[in-house]
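Worksheet: one structure, shown below.
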Amino acid sequence: MNFSESIRIALQSLWVNKLRSALTLLGVVIGVAAVIAVVTFVNGINGYVAEKIFNLGADVFIVFKVSPAVTNVEHFLEAEKRKDLTYEDYQAARDACRHCIFVGVATRHETGKVTYGGQSSGDTSVRGVSPEMSAIYDTDLVSGRFLNETDVDNKTPVVVVGPDIVENLMPGLDPLGRDIRIDGWEYQIIGVGKKKGKTLGQSLDNWAMIPITMSLKQYGSHSNNPIRIAGKAAGAGVTLETAMDEVRVALRARRHDAPGADDSFDAETNASLLGIWSNFSGTFFIAMIGIAAISLLVGGIVIMNIMLVSVTERTREIGIRKAMGARSTDVMLQFLIESATMALIGGAVGVLFGIVFAKGVTALIGMPSAIKLWAVMAGLIVSTSVGVFFGVYPARRAAKLDPITALRYET
């Protein structure tokens, strides 16, 4: 049995019946494209989350009133009834954590309006922060300086802004020293952050950071401007749990949590936040793979149907091959190779479409994506396997044909 000859026959059959071949492979193409696109998005978003969102470091923890990692509805509803974290809670945690390099605090008001010279920028994330939070937010500046302790202690109306504020409100101007209004309050720009771009269609540069004390003065502390406390363990010889326990004890005492009762706050580490996200993305991945598998199943059934038609159309050819000495295994292998080749081509087209689709979405709305070689190889292997699996029955049917009966067959 000539392997290359079987592949040539398969390709020739696909080329002669272009429309039929395209319709035959459509299910495989859609299924593989869906798998590749989903894997590309999941890998890209996982990498983005790990690098940009939860890149806290192994020795950093954050205390929330309600953790963003909460997945239990009952726990969430119960946690919403807790007292808000306060600036005094932060001060107690800072003073108590002897094994922390720093303890910082931040608030986040998501819908601020920034105005300058008659121009305005809406939906700005206004973050009230202490100086330590620049490391947590990974804030690199292109000009000026970051907030310091003096700004916080004196409630100085100064602000560090994202690039969008400068580009939209004062293009071509030096922003340092200029006064802007944030929700009606006047602040002086002392620094400008480095541009980060967009993700999921949302800009990462439309933000303003003001001293935490000014944020609490202007917005207060409530569900629309929640306080978060962050701590970094002291390093060598000190475990993260030790630092977290010091903060927990201080907060429980200050918030009058009863002995044996649950904490009236949530503390999360980088590992726990990433773990929750990985579980979520894994569930999403499995669900999408299940949907894509249906397309592959349909595609496999269509391939089997077309191969049965091909067996019928080529009955005389099969009879001639057997009359000339071809064994049943040779005939069976020929049709298996043809069905596998068809599915492999469909898989290759699906991989291409999946990558193009994923990268197109990334270009349009900034959704992170990352192509993995293992995903490409898996797509090709799975599609080929589908072709082999669904090609077995037609191949066996062809192999069992009686050569005399096949030679008498009239198409």
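Give me the net charge of residue 129's neighbourhood, meaning all other residues with Cβ under 11 Å from the Cβ of residue 129; Lys, Arg count +1, Asp, Glu -1.
Local charge sum for residue 129: +1.
Provide the descending list of Cα extents for the chain along its principal axes, expressed in whole angstroms.
100, 58, 38
So for the pair residue 330, residue 11, with labels modelled 7 Å out along Cα→Cβ, what separation do we get in nm?
Distance between the two pseudo-spin positions: 2.2 nm.
Give the relative contact order (percent, whole number) for region 83-264; include only Cα pairs under 8 Å separated by 6+ residues.
Relative CO of region 83-264 lands at 32 percent.
Of 246, 338, 313, how do they rank once you tally other Cβ atoms within 10 Å and put the fewest first?
313, 246, 338
Multiply the residue separation of residue 316 and residue 91 by 0.36 nm, subtract the distance between their alpha-carbon atoms, and state the gained length in nm to one decimal.
72.1 nm
At a 10 Å Cβ-Cβ cut-off, how would you order 219, 187, 137, fewest neighbours first?
Fewest-to-most Cβ neighbours within 10 Å comes out as 137, 219, 187.
So what J values fall out for region 290-296 if you push phi through Karplus, 6.51 cos²θ - 1.76 cosθ + 1.60 with θ = phi - 60°, rounded to Hz, Gly and Pro as x?
Taking θ as phi minus 60°, the curve returns x, 5, 5, 5, 5, 4, 5 Hz for region 290-296.
In terms of modelled amide H atoms, which long-range or inter-chain residues lie less than 5 Å from the amide H of residue 97?
When sequence neighbours closer than 5 places are left aside, there are no close amide H contacts.
If you build the Cα gyration tensor of region 83-264 and take the root of 5 times each eigenvalue, what three semi-axes come out, in whole angstrom, biggest first?
After scaling each eigenvalue by five and taking roots: 32, 17, 14 Å.
Taking 22 Å as the cut-off for C-alpha to C-alpha distance, list the pairs among 322/400; 155/196; 65/232; 83/232; 113/155 that go past it.
155/196; 83/232
If you build a Gaussian network model of the chain, linking Cα atoms that sit under 10 Å apart, which residue out of 373, 240, 352 swings the most?
Most flexible of the set in this elastic network: 373.
Given a Förster radius of 41 Å and the C-beta distance between residue 83 and residue 143 as r, what FRET efficiency does 1/(1 + (r/R0)^6) yield to the nearest 0.05?
0.55
In whole Hz, with x marking every Gly and Pro, tabulate ³J(HN,Hα) for region 113-122 from phi via Karplus 6.51 cos²θ - 1.76 cosθ + 1.60, θ = phi - 60°.
10, 10, 10, 7, x, x, 9, 9, 10, x
Convert each backbone phi in region 173-189 into a coupling constant with the Karplus relation 6.51 cos²θ - 1.76 cosθ + 1.60 (shift: θ = phi - 60°), then list the ³J(HN,Hα) values in order as whole Hz, x for Gly and Pro.
In residue order, the calculated couplings are 9, 7, x, 4, x, 7, 9, 10, 10, 10, 6, x, 9, 8, 9, 9, 6 Hz.
By how many nm would the segment from residue 135 to residue 217 grow when fully extended, if each residue of separation counts as 0.36 nm and the alpha-carbon distance is taken off?
Full-extension gain reported as 27.1 nm.
Have a look at the DSSP beta bridges in region 83-264 and tell me what percent are antiparallel, nearest 5.
75
Taking amide H positions as placed 1.01 Å from N in the peptide plane, with prolines and chain starts having none, which residues 5 or more places from residue 193, or on another chain, fall under 5 Å of its amide H?
142, 161, 162
Which listed residue (259, 312, 342) has the Cα farthest towards the positive end of the charge dipole for the chain, taking +1 on Lys and Arg C-beta and -1 on Asp and Glu C-beta about the Cα centre?
Farthest along the dipole direction, towards plus: 312.
What is the local net charge at residue 40, summed over the other residues whose Cβ is closer than 14 Å to its Cβ (Lys, Arg +1; Asp, Glu -1)?
Here the charged neighbours net out to +2.
Evaluate the relative contact order of the chain (contact order divided by residue number), counting alpha-carbon pairs under 8 angstrom at least 6 apart; express in whole percent.
Over the chain, the number comes to 30 percent.
Among 111, 175, 13, whose Cα lies farthest out toward the positive end of the dipole of the chain, if unit charges sit on the beta carbon of Lys, Arg (+1) and Asp, Glu (-1)?
Farthest towards the positive pole: 13.
Divide by every residue of the chain the summed helix terms, -39500 (n - 2.57) for each DSSP H run of at least 4, and state the resulting mean residue ellipticity at 222 nm, rounded to the nearest 500 deg cm²/dmol.
-18000 deg cm²/dmol
Using 0.36 nm per residue of separation minus the Cα-Cα distance, give me the extension gain between residue 284 and residue 241 in nm, one decimal.
Here the answer is 12.3 nm.
When the chain is modelled as a GNM with alpha-carbon springs shorter than 10 Å, which of 256, 99, 109 fluctuates the most?
Among 256, 99, 109, the largest mean-square fluctuation in the Gaussian network model of the chain belongs to 256.
Would you mind getting me the FRET efficiency between residue 73 and residue 294? Use the beta-carbon distance for r and R0 = 25 Å, nearest 0.05.
0.25
A short reminder: the numbers here are calculations on the coordinates, not readings from a lab. On a predicted model such as this, the values are computed, not experimentally measured, just so you know. Positions of Cβ are generated from backbone atoms using ideal geometry, with glycine treated the same way; all protein chains shown enter the neighbour counts.
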